[in-house]
Amino acid sequence: QVQLQESGPGLVKPSETLSLTCFVSGGSISSNFWSWIRQPPGKGLEWIGYIYYSGSTNYNPSLKSRVTISVDTSKNHFSLKLSSVTTADTAVYYCARGTAMSYPPFDYWGQGTLVTVSS
Amino acid sequence: QSALTQPPSASGSPGQSVTISCTGTSSDVGGYNYVSWYQQHPGKAPKLIIFEVTKRPSGVPDRFSGSKSGNTASLTVSGLQAEDEADYYCSSYAGSNNSVFGTGTKVTVL
């Protein structure tokens, strides 16, 4: 059974960079796509971007200028960096396996981690 | 890319059926058969319940079914049960390797 676990600071100051890591257990990170998805409090889901185990990436056009997703296959984890954060970036951040085109899509999710942007 | 449009809420009595719509464009829902649905209980991660418009993952009851017509996809929950009360989100491939989610629908079991 694949399990995902997000890790990172729960509080980030405005204008700084949000950094999270998703640890994958129970399966290899290889041969799969891996996504980051976020959910502001009381609001809907927003796809942030994905990385393939080979390192190729694609980002939501609305966030593209601020997002970097990377992968470390040796440690079976992948990471998210979101720069120049504002209070609008406050959200629960989820990591998930797959993309909307995967078979199946977004089939495993982490429990989510709340990141608050505040001074 | 814009979020797919879902009704904010839907409701039904136990045993009844409820259908939720998910409206996009020809660039996402209407252009591909990569529509999926997720169930999210409060404080929990979303759970995949339908993918590729009509397919159910192993373990998902057949009370959940999906369909699509043009730019609108639909999720039907038949024989509503108390545990079906949750938020539901659709998702679609949006071209150029992008994914998009719907605005979400809160289902209430009366």
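The values are calculated or read from the model by the stated rules, or taken from the named source; none is laboratory data. A quick note: this is a predicted structure, and the numbers were derived from the prediction, not measured. FYI the Cβ positions are ideal-geometry reconstructions off the backbone, even for glycines, and counts take in every protein chain you see.
Structure notes:
- Leading residue by the ranking (nearest to the other protein chains (Cβ to nearest Cβ)) among those in region A:29-42 that are touching a residue at least 40 places away in the same chain (Cβ under 8 Å) and farther than 27 Å from A:SER74 by Cβ: A:GLN39
- Filtering region B:72-92 to residues that are buried (at least 18 other Cβ atoms within 10 Å of the Cβ) and under 18 Å from B:LEU4 (Cα atoms) leaves B:ALA73, B:SER74, B:LEU75, B:ASP87, B:TYR88, B:TYR89, B:CYS90, B:SER91, B:SER92.
- Scanning region B:1-18 for residues being within 14 Å of B:GLU85 (Cα to Cα) and exposed (fewer than 14 other Cβ atoms within 10 Å of the Cβ) gives a total of 8.
- Residue pairs whose Cβ atoms lie under 8 Å apart, sitting 6 or more positions apart in sequence or on different chains, and linking a residue in region B:17-37 that is within 12 Å of chain A (Cβ to nearest Cβ) to a partner that is part of a strand (DSSP E or B) and basic (Lys, Arg), are B:VAL29/B:LYS68; B:ASN33/B:LYS68; B:VAL35/B:LYS68.
- Any chance B:ASP28 is more than 29 Å from A:CYS95 (Cβ to Cβ), acidic (Asp, Glu) and modelled with pLDDT of 95 or more: no
- Inter-residue pairs, beta-carbon under 6 Å, first in contact (Cβ under 8 Å) with a residue 60 or more places away in the chain and more than 7 Å from every other protein chain (Cβ to nearest Cβ) and in region A:96-113, second outside any strand (DSSP E or B) and buried (at least 24 other Cβ atoms within 10 Å of the Cβ), 6+ apart: A:ALA96/A:PHE106; A:GLY98/A:PRO105; A:GLY98/A:PHE106
- Among the candidates B:GLY43, B:GLY59, B:GLY79, B:GLY95, residue that is more than 13 Å from the chain's Cα centre (by Cα), within 22 Å of B:SER13 (Cβ to Cβ) and in a loop (DSSP other than H, G, I, E, B): B:GLY79
- Candidate set: region B:98-110, residues that are facing chain A (nearest Cβ under 10 Å) and assigned to a loop (DSSP other than H, G, I, E, B); chosen: the one farthest from B:SER2 (Cα to Cα): B:GLY104
- Strands (runs of 3 or more DSSP E) fully within region A:1-41 counting 3 or more residues that are closer than 22 Å to A:ASN58 by Cβ: A:18-25, A:33-39
- Residues satisfying the criterion are present in region A:52-66 (criterion: in contact (Cβ under 8 Å) with a residue 24 or more places away in the chain and assigned to a loop (DSSP other than H, G, I, E, B)).
- Any hit, region A:74-90, residues being touching a residue at least 12 places away in the same chain (Cβ under 8 Å), buried (at least 21 other Cβ atoms within 10 Å of the Cβ), of a type in the set (Phe, Trp, Tyr) and within 14 Å of chain B (Cβ to nearest Cβ): no
- In the set (1) surrounded by fewer than 23 Cβ atoms within 10 Å (Cβ to Cβ); (2) within 15 Å of the chain's Cα centre (by Cα); (3) modelled with pLDDT of 95 or more; (4) polar (S, T, N, Q), A:SER35 fails one condition alone, (1).
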